[in-house]
Amino acid sequence: MQVFVYQSNERLIESVSEILNQTIKETNGPIGLATGSTFEPVYKHFLANYELPGEIILVALDEYSGIPVDHPSSFRETLLRQLVIPAGLTEKNLLMPPATDNQEQLDAFESRLSAIGPLAIQLLGIGTNGHIAFNEPGSESNSRTRKVRLSEETIEANKKHFEGEMPSFAITQGIATIREARKLLLVATGISKAKALATMFAEPSTPASHIADHPGLTLIVDTEAASLIPERLREIKD
Ligand code: GLP
């Protein structure tokens with residue numbers, strides 16, 4: 001695992017965007033996208049500096065359940081608005097986990113992923129409780145795409161970004177699904193993420209700890225988020 005600690009937020013964003021561009025140039029995808037406030041400036045930077053190939057496949061990690069797919073705060077709409085449409089692509093480029101209770105359809109999403117995969121890179125954020133995608137605490141390392149109940153902490157953290165009543169359920173790729181990507185790029189900023197990141201190294205049962213031994217894992221974090229990561233692992237950047 002590599003842990004790059006950026007002192008400048010601008011450099012951090014640039015660096016994530018550069019890695020994304022480099023991976024796309026080398027592999028042509030498919031690329032796993034994350035939704036959340038951490039990635040919004042990354043997508044902005046990417047759009048201002050690079051291009052997405054017209055035929056690229058972009059795959060989302062998760063989606064809220066119980067809201068229409070075209071709800072303005074759905075992850076589908078968010079990714080279309082923040083990256084896909086401004087990049088000149090369409091919803092045909094974006095593969096979403098289906099917002100359904102039907103496990104057969106969720107298994108079909110897994111099959112589709114296997115057919116197009118493995119992902120060249122999966123972008124990941126982390127929840128303040130250590131969740132990865134919507135794999136909340138208690139998620140197993142062998143979990144697959146499924147419907148989950150969101151924790152109170154997640155509902156509280158995400159409701160400020162949600163227009164209307166925040167859903168209590170979501171569909172998420174499982175930990176085992178996420179681990180199939182060739183590279184995982186976990187990005188975290190701010191002191192609110194410090195404890196969650198520390199659990200990757202100290203508590204071998206949190207969702208984030210289940211990806212800690214992935215051979216292609218890179219963490220890109222700012223000084224605050226890194227503050228509880230063992231010092232010997234930190235590689236300081238500008
Ligand atoms: C959401 C998403 C995660 C994301 C996390 C962090 O709940 N399901 O994939 O990593 O929250 O979000 P933010 O970047 O807004 O802190």
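The values are calculated or read from the model by the stated rules, or taken from the named source; none is laboratory data. Remember, predicted model here, so these are calculated numbers, not experimental data. Please note: Cβ atoms are built from the backbone with ideal geometry, for glycine as well, and neighbour counts cover all protein chains shown. Heavy atoms of the whole protein, side chains included, go into the accessibility calculation; ligands, DNA and RNA do not. Shrake-Rupley method; radii C 1.70, N 1.55, O 1.52, S 1.80 Å.
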Among the residues of the stretch 210-238, which ones are of a type outside the set (Asp, Glu) and part of a helix (DSSP H, G or I)?
210, 211, 223, 225, 226, 232, 233
Residue 29 being open to solvent by less than 50 Å² (accessible area, probe 1.4 Å) and within 15 Å of residue 94 (Cα to Cα):
yes
How many of the residues making up the stretch 36-48 are within 16 Å of the ligand (Cβ to nearest atom), on the phi < 0 side of the Ramachandran plot and open to solvent by 30 Å² or more (accessible area, probe 1.4 Å)?
5
Name the single residue, out of those in the stretch 155-179 being in a helix (DSSP H, G or I) and more than 19 Å from residue 117 (Cα to Cα), that is most open to solvent (accessible area, probe 1.4 Å).
160
Filter the stretch 144-184 for residues that are among the hydroxyl-bearing types (Ser, Thr, Tyr) and within 16 Å of the chain's Cα centre (by Cα) and give the result.
145, 154, 172, 177
For residues in the stretch 108-154 being over 30 Å from residue 46 (Cα atoms) and assigned to a helix (DSSP H, G or I), which is nearest to the ligand (Cβ to nearest atom)?
153
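Applying the selection to the stretch 180-193, what residues are surrounded by 19 or more Cβ atoms within 10 Å (Cβ to Cβ) and in contact with a Ser or Thr (Cβ under 8 Å, 6 or more places away or on another chain)? Outline the logic, then answer.
Let us first name the residues in the stretch 180-193 that are surrounded by 19 or more Cβ atoms within 10 Å (Cβ to Cβ), namely 181, 183-189, 193.
Selection gives 183, 184, 185, 186, 187, 188, 189, 193.
Would you confirm whether any residue within the stretch 208-222 is in contact with a His (Cβ under 9 Å, 6 or more places away or on another chain) and within 29 Å of residue 29 (Cα to Cα)? If you could, list the steps in order and put the result at the bottom.
Filtering the stretch 208-222 for residues in contact with a His (Cβ under 9 Å, 6 or more places away or on another chain) gives 208.
Now drop any that are not within 29 Å of residue 29 (Cα to Cα), which leaves 208.
Yes: the stretch 208-222 contains one or more residues that are in contact with a His (Cβ under 9 Å, 6 or more places away or on another chain) and within 29 Å of residue 29 (Cα to Cα).
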Is it the case that the stretch 49-58 has a residue that's in contact with a Gly (Cβ under 6 Å, 6 or more places away or on another chain), of a type outside the set (Ser, Thr, Tyr), more than 12 Å from residue 121 (Cβ to Cβ) and open to solvent by 50 Å² or more (accessible area, probe 1.4 Å)?
yes
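I'd like to know if the stretch 120-134 contains one or more residues that are surrounded by 15 or more Cβ atoms within 10 Å (Cβ to Cβ), of a type outside the set (Lys, Arg) and farther than 19 Å from residue 188 by Cα. Let's see the steps before the verdict.
Filtering the stretch 120-134 for residues surrounded by 15 or more Cβ atoms within 10 Å (Cβ to Cβ) gives 120-134.
When the remaining residues are screened for being of a type outside the set (Lys, Arg), the result is 120-134.
The next check asks that each one be farther than 19 Å from residue 188 by Cα; those that pass are 120.
Yes, there is a match, as at least one residue in the stretch 120-134 is surrounded by 15 or more Cβ atoms within 10 Å (Cβ to Cβ), of a type outside the set (Lys, Arg) and farther than 19 Å from residue 188 by Cα.
Can you spot a residue in the stretch 7-15 that is of a type outside the set (Gly, Ala, Ser), within 16 Å of the ligand (Cβ to nearest atom), modelled with pLDDT of 95 or more and in contact with a helix residue (DSSP H, G or I) (Cβ under 6 Å, 6 or more places away or on another chain)?
Residues of the stretch 7-15 that are of a type outside the set (Gly, Ala, Ser), as a first pass: 7, 9-14.
Among the residues that remain, those that are also within 16 Å of the ligand (Cβ to nearest atom) are: 9, 12-13.
Restricting the remaining residues to those that are modelled with pLDDT of 95 or more gives 9, 12-13.
Within this subset, residues satisfying the condition of being in contact with a helix residue (DSSP H, G or I) (Cβ under 6 Å, 6 or more places away or on another chain) are 13.
Yes, the stretch 7-15 contains at least one residue that is of a type outside the set (Gly, Ala, Ser), within 16 Å of the ligand (Cβ to nearest atom), modelled with pLDDT of 95 or more and in contact with a helix residue (DSSP H, G or I) (Cβ under 6 Å, 6 or more places away or on another chain).
A quick yes/no check of all residues on (1) modelled with pLDDT under 95; (2) under 26 Å from residue 27 (Cβ atoms); (3) open to solvent by less than 30 Å² (accessible area, probe 1.4 Å):
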residue	(1), (2), (3)
66	yes, no, no
77	no, no, no
88	no, yes, no
91	no, yes, no
95	no, yes, yes
101	yes, no, no
115	no, yes, no
